[in-house]
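S.K.: If you scroll down you'll find the structure; I have some questions about it.
The values are calculated or read from the model by the stated rules, or taken from the named source; none is laboratory data. Note that the coordinates shown come from a computational prediction; the quantities given were computed from them, not determined experimentally. Positions of Cβ are backbone-derived with ideal geometry, glycine not excepted, and every protein chain shown enters the neighbour counts.
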Amino acid sequence: MYDLIGDIHGHAEELEQMLLKLGYTKTSGIYQHPNRQVIFLGDFIDRGPQIKAVLELVRPMVEKGFAKSVMGNHELNALAFHTADPSKQGEFLRPHSDKNIHQHSETLRQVDERTLRSHLQWFRTLPLFLDLGDLRVVHACWDKAEMQKTTGQVDDQFLASACKQDGELFDAVETVLKGKEAELPEGNQFKDKDGHPRTKTRLRWYKDPSGQTYGSYALATYSIDCDIPLSEEVVKASSPYETNEPPVFIGHYWLSGDRPKLLADNVACLDWSVARGGFLCAYRWDGEQKLSTEKFVVVS
């Protein structure tokens, strides 16, 4: 059975506490369990104080078969940040703007260039999603149509297509790793977790959008005061996650609260903002198709 662990963002101390709490022990320098396996949901890097330690802990677990992992958007961003743009000499697939440098700055500061190059190569081996039959894992959004487009090796050609807005894979990879968004009606905006003004909001893609407003359909910790009904375009673009489908686990959304909650009986988000004063969150899955809040495990 599996223990799924959400976004870590450089918090190695909390991760070690979580593994010990789940009954994993370090043998030959690698955390492992006699009859369970971890599944990481990505976003190992950026923001936190122990990024190198997180990578040194997680990567051997995956490589030795004691864990699985999907790619997070921060791993994709890092790959794009360090991959040259083939169409613009001297530039990169993720522009080195002040905003992008700031987001990646802790990783650049904490991990030396040679070591980071090695980890970037490892990031390329991470799948964008896992379908294990009775269990599904993706960083942000399970959308079958978009996911079918994202299979294949994460090489330079894939990255160029996925990270440039005119690339064939851009929309699909944005959906899978960053979730679905909608432009708010004119005159509406809010500030995100970093204080940046936004006119787009993340959506509760797993829910039926019928009768929803922009405020009620937003998947965010901030309040969006907009009771305007969703546009026909947003409704048509939706693909709700059916209630009879296997449980799916996601990260990414920086949720907040005193304790984790399910998004639906078969949808659980495990990102509860450990890098923003929240807690590291895991779910101990034992094959159940209807998820339970009692199976969450947290480390503050």
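S.K.: Report those helices (runs of 4 or more DSSP H) wholly inside region 43-120 carrying at least 2 residues which are of a type in the set (Asp, Glu).
M.R.: Answer list for region 43-120: 51-63, 98-110.
S.K.: Take the residues in region 200-228 that are hydroxyl-bearing (Ser, Thr, Tyr) and buried (at least 22 other Cβ atoms within 10 Å of the Cβ); name whichever of them is nearest to GLU181 (Cα to Cα).
M.R.: THR201
S.K.: May I pose another question? Give the residues of region 229-250 that are surrounded by fewer than 18 Cβ atoms within 10 Å (Cβ to Cβ) and assigned to a loop (DSSP other than H, G, I, E, B), sorted by residue number.
M.R.: If the condition is that a residue be surrounded by fewer than 18 Cβ atoms within 10 Å (Cβ to Cβ) and assigned to a loop (DSSP other than H, G, I, E, B), then SER231, SER239, PRO240, GLU242, THR243, ASN244, GLU245, PRO246 are the ones that fit.
S.K.: Is region 62-84 home to any residue that is among the basic types (Lys, Arg), touching a residue at least 12 places away in the same chain (Cβ under 8 Å), touching a His at 6+ places or on another chain (Cβ under 9 Å) and in the same structural domain as ALA268 (by TED's automatic domain parsing)?
M.R.: Looking only at region 62-84, we keep the residues that are among the basic types (Lys, Arg), and these are 64, 68.
If we keep only those that are touching a residue at least 12 places away in the same chain (Cβ under 8 Å) too, we end up with 64, 68.
Right, trim to touching a His at 6+ places or on another chain (Cβ under 9 Å) and you get none.
Checked against the condition, which is being among the basic types (Lys, Arg), touching a residue at least 12 places away in the same chain (Cβ under 8 Å), touching a His at 6+ places or on another chain (Cβ under 9 Å) and in the same structural domain as ALA268 (by TED's automatic domain parsing), region 62-84 yields no hits at all.
S.K.: While we're on this one: When region 62-100 is examined, which residues are found to be among the hydrophobic types (A, V, I, L, M, F, W, C) and either under 30 Å from MET1 (Cα atoms) or touching a Lys or Arg at 6+ places or on another chain (Cβ under 9 Å) (or both)?
M.R.: VAL62, PHE66, ALA67, VAL70, MET71, LEU76, ALA78, LEU79, ALA80, PHE81, LEU93
S.K.: Kindly check whether there is at least one residue in region 123-146 that is of a type outside the set (Ser, Thr, Tyr), touching a His at 6+ places or on another chain (Cβ under 8 Å), crowded, with 20+ Cβ neighbours inside 10 Å and part of a helix (DSSP H, G or I).
M.R.: No, the conditions are met nowhere in region 123-146.
S.K.: Name the pairs whose Cβ atoms lie under 9 Å apart, with the first residue in region 22-51 and among the basic types (Lys, Arg), the second in a loop (DSSP other than H, G, I, E, B), and 6 or more positions between them or separate chains?
M.R.: ARG36/MET1; ARG36/LEU22; ARG36/GLY23; ARG36/TYR24; ARG47/HIS9; ARG47/GLY10; ARG47/HIS11
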